[in-house]
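The values are calculated or read from the model by the stated rules, or taken from the named source; none is laboratory data. Quick caveat: nothing in here was measured; it's all calculated off a predicted structure. As a convention, Cβ positions derive from the backbone with ideal geometry for all residues, glycine included, and neighbour counts pool all protein chains shown. For accessibility, only protein heavy atoms count, side chains too; no ligands or nucleic acids. Shrake-Rupley method; radii C 1.70, N 1.55, O 1.52, S 1.80 Å.
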2 protein chains.
Amino acid sequence: MEYETPLFFHVMEYAAQADRDVVDMVSGNPDWEPPEALRDGLREYADFDPDRFQYPPSAGLRELREEIAARRGVDVEQVVITNGAGEANYLAMARALERDRGREILLTDPVYSYYPGKTTMLGGTQSYVAADEEGQLDPADVRAAASEETAAIVANSPNNPTGAVYPEETIRELVAIAEEYDAILVSDEVYDHYDLSGRFTSALRFDSDHRIVTNAFSKSLAITGFRVGYAVFPPHLVENARSRHMLVNVAGSRPAQYAVLRALRETGPDYYERNRALLADRVETFTDALDAAGAEYTTPQGAFYVMARFDGYPGTLENVEKLVDEAGVAGMPGEAFGDSRRDWLRFALVTPRVEEAADRLASYFE
Amino acid sequence: MEYETPLFFHVMEYAAQADRDVVDMVSGNPDWEPPEALRDGLREYADFDPDRFQYPPSAGLRELREEIAARRGVDVEQVVITNGAGEANYLAMARALERDRGREILLTDPVYSYYPGKTTMLGGTQSYVAADEEGQLDPADVRAAASEETAAIVANSPNNPTGAVYPEETIRELVAIAEEYDAILVSDEVYDHYDLSGRFTSALRFDSDHRIVTNAFSKSLAITGFRVGYAVFPPHLVENARSRHMLVNVAGSRPAQYAVLRALRETGPDYYERNRALLADRVETFTDALDAAGAEYTTPQGAFYVMARFDGYPGTLENVEKLVDEAGVAGMPGEAFGDSRRDWLRFALVTPRVEEAADRLASYFE
């Protein structure tokens, strides 16, 4: 079986090996500080008794699950701690396909590159619903695409790569469509703390046996390398998901879970607000420079990314590599996110050098 | 799809909720100290720059892979760092099934309880080859059971639950059988540092495109909760395994990987020798008491476990629960490990209270 390995790692390697200074705007790694309490959690862990170095419960540290359940207004038994949002999405999509209602996974175009690969790996087939130019999804299009064959609809808001934040009405409709077709809405909300629009709606707002919400602390606490995420399942779907989690990973890494627990308990809203404000500043800086360069772009309502189009410079891997070598800026090829954005490039704003990168692009394309 | 959830968690919960003091001999969690350098690794991590809090390479920290490759005498590209041996075995079995040579996984009876569940989850079918009373596997039996349908042979030495350590000849033959039938030997060697017989042989000794070796630092460094393991693949099988790892987990937890790296570099052989000696002492203490209680048992050549049989007291879950309530000792039901050990109980020697447990069993059964 061949899967499509996401291009991220290839492009990051190419940029790292370039002969010149390159501003890395490839990956979604926050460049800001994790909360101090998270560092404290690791320090404290180093002195724990040996029994704290052994298996946590398979579904995750109880106190962490309780903390999440309380914040999200769900029952603790619905929460499974995962190895990042990556495993959460894997469990959710696997769970949807295991219901044997159909093999089709409805994805959006543009799409976050991991979803199609996970679908293939799990023996499903992909169908795509096109988002509009702003990245918004018309629920009528999703309904038209759905059928008896639909096992899951995978949505991601705030969206990677478009930056779109779906309005409440869209989320409500996606849940309704999943119910109508006896399918599962998988709502990946990993960028929920980076909503710049003020209108982010979680799928948890609409109680349903037909939606699984996935999330992680990778972005919100700036710790993509700790691998602590979670999924919230409807009660009747959680048991088999827990079994799969146990059979694949046994459990997640315990010191990372503990550090996250401390960070959640001791980090105030100012931490999240500060990072959102930083991101909003960078959006403005970058899009101003894109204006100056005469590029077309979408202003993100959330998440970390700006999609841009430069006249006569399609978003191929070849062009991305050329941009690394000739402009000193590394982005992601639009073609990595589906057919509709082949002409576009995606730039991640998680570098303090956003202004420099924008200037480089402006002079390269002028 | 229904999987068989391993019974471990159920029994541990039952023991924890008992109304009396219970010696926990259920799980394979070392009760001894992790290396000091591992604690130092966490402490050091707490002060790292924010970029060290972001994604490690998907296949694991390069320096950790290099350290493992050098120790095991393989190419670094063959090594994938996993979320413990659990994920390593999952990737290995998935890889074997993906070759589309057959759907059968050959397991041993007794069997480590996770393997059958993983097989079902991956769409394979289980066949069992009986080990002898000492837990040894006759390669002729494996050859007789193998066929065109065989995708993989999963072996575990030192063995959980029997404590058998397979001689070199057995490992050589298992590799040969995998080659004859174009199957994959998955050799789970997670207890390699707890060989009390001096005759442990790694499947890496026999170069072959038909064997995958899995391992972890969970037992050797007494950190089952850190979730750092690895698999060594033949060169032509590694790429798809890496893709699956990426699509399931993206990467493992980075602080845990770093702490393991420090521990590997700075921990001398005396650490491992001390723990082996402790285990050997406990084996003697426990089996002496079993003698006194008139029980039948197997003296382990390695790993953490003693299988014992008490007259008229079969190894059912019900009897295990009764033993918790009435004797204050929690073991695992033999039926969890396959048909051949239904009359037996498994006791894990990873508690300082081995002598007390043995005394309790002796007075209960006398």
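Residues that are open to solvent by less than 20 Å² (accessible area, probe 1.4 Å) and within 30 Å of A:TRP32 (Cα to Cα) were ranked within the range B:10-40; the one that is nearest to the other protein chains (Cβ to nearest Cβ) is B:ARG39. Residues in the range A:191-209 that are surrounded by fewer than 23 Cβ atoms within 10 Å (Cβ to Cβ), in contact with a strand residue (DSSP E or B) (Cβ under 7 Å, 6 or more places away or on another chain) and under 25 Å from A:ALA69 (Cβ atoms): A:ASP192, A:ASP195, A:PHE200, A:SER202, A:LEU204. The set of residues from the range B:157-172 being more than 13 Å from B:ARG199 (Cα to Cα) and surrounded by fewer than 21 Cβ atoms within 10 Å (Cβ to Cβ) comprises just one member, B:ARG172.
The residues of the range B:61-70 that are touching a helix residue (DSSP H, G or I) at 6+ places or on another chain (Cβ under 6 Å), closer than 18 Å to B:GLU87 by Cα and either within 11 Å of chain A (Cβ to nearest Cβ) or not basic (Lys, Arg) (or both), listed by number, are B:LEU61, B:LEU64. Only one of the numbered conditions (1) open to solvent by 10 Å² or more (accessible area, probe 1.4 Å); (2) under 18 Å from B:PHE337 (Cβ atoms); (3) of a type in the set (Asp, Glu) is not met by B:ASP188, and that is (1). Looking across the range B:301-339, the residues that are at negative phi, open to solvent by 10 Å² or more (accessible area, probe 1.4 Å), outside any helix (DSSP H, G or I) and in contact with a strand residue (DSSP E or B) (Cβ under 6 Å, 6 or more places away or on another chain) come down to B:ARG309, B:THR316. Here A:PHE233 qualifies as within 24 Å of B:ALA94 (Cβ to Cβ) and away from chain B (no Cβ under 13 Å). Of the residues A:ASP75, A:ASP109, which single one is more than 21 Å from the chain's Cα centre (by Cα) and not β-branched (Val, Ile, Thr)? None of the other options fit; the residue is A:ASP75. Return the residues of the range B:340-354 that are under 17 Å from B:ALA303 (Cα atoms) and assigned to a loop (DSSP other than H, G, I, E, B); say none if nothing qualifies. Result: B:LEU349, B:VAL350, B:THR351, B:PRO352.
Taken over the range B:237-261, the residue count meeting the criterion of being under 23 Å from the mean Cα position of the chain (by Cα), more than 7 Å from chain A (Cβ to nearest Cβ), open to solvent by 10 Å² or more (accessible area, probe 1.4 Å) and not β-branched (Val, Ile, Thr) is 2.
Inclusion of A:LEU38 among residues that are farther than 18 Å from A:GLY225 by Cα and either under 21 Å from the mean Cα position of the chain (by Cα) or among the hydrophobic types (A, V, I, L, M, F, W, C) (or both) is not warranted.
Restricted to the range A:207-224, and to residues that are of a type outside the set (Val, Ile, Thr) and in contact (Cβ under 8 Å) with a residue 60 or more places away in the chain, which residue is nearest to the other protein chains (Cβ to nearest Cβ)?
The residue in question is A:ALA222.
Residue count for the range A:78-106, restricted to those that are more than 14 Å from chain B (Cβ to nearest Cβ) and within 20 Å of the chain's Cα centre (by Cα): 2. When the range B:262-285 is filtered for residues that are among the hydroxyl-bearing types (Ser, Thr, Tyr) and crowded, with 19+ Cβ neighbours inside 10 Å, only B:TYR271 remains. Among the residues of the range A:41-68 satisfying the criterion of being outside any loop (DSSP other than H, G, I, E, B) and within 24 Å of the chain's Cα centre (by Cα), which is surrounded by the fewest Cβ atoms within 10 Å (Cβ to Cβ)? So, considering only residues that are outside any loop (DSSP other than H, G, I, E, B) and within 24 Å of the chain's Cα centre (by Cα), the one surrounded by the fewest Cβ atoms within 10 Å (Cβ to Cβ) is A:GLU66.
Pairs linking a residue in the range A:131-151 that is in contact (Cβ under 8 Å) with a residue 24 or more places away in the chain and assigned by TED's automatic domain parsing to the domain that holds A:ALA308 to a residue that is open to solvent by less than 70 Å² (accessible area, probe 1.4 Å) and not aromatic (Phe, Trp, Tyr), with Cβ atoms under 9 Å and 6 or more positions apart or on different chains, do not occur.
Residues that are in a loop (DSSP other than H, G, I, E, B) and surrounded by 14 or more Cβ atoms within 10 Å (Cβ to Cβ) within the range B:286-298 comprise B:ALA293, B:ALA295, B:THR298, listed in sequence order.
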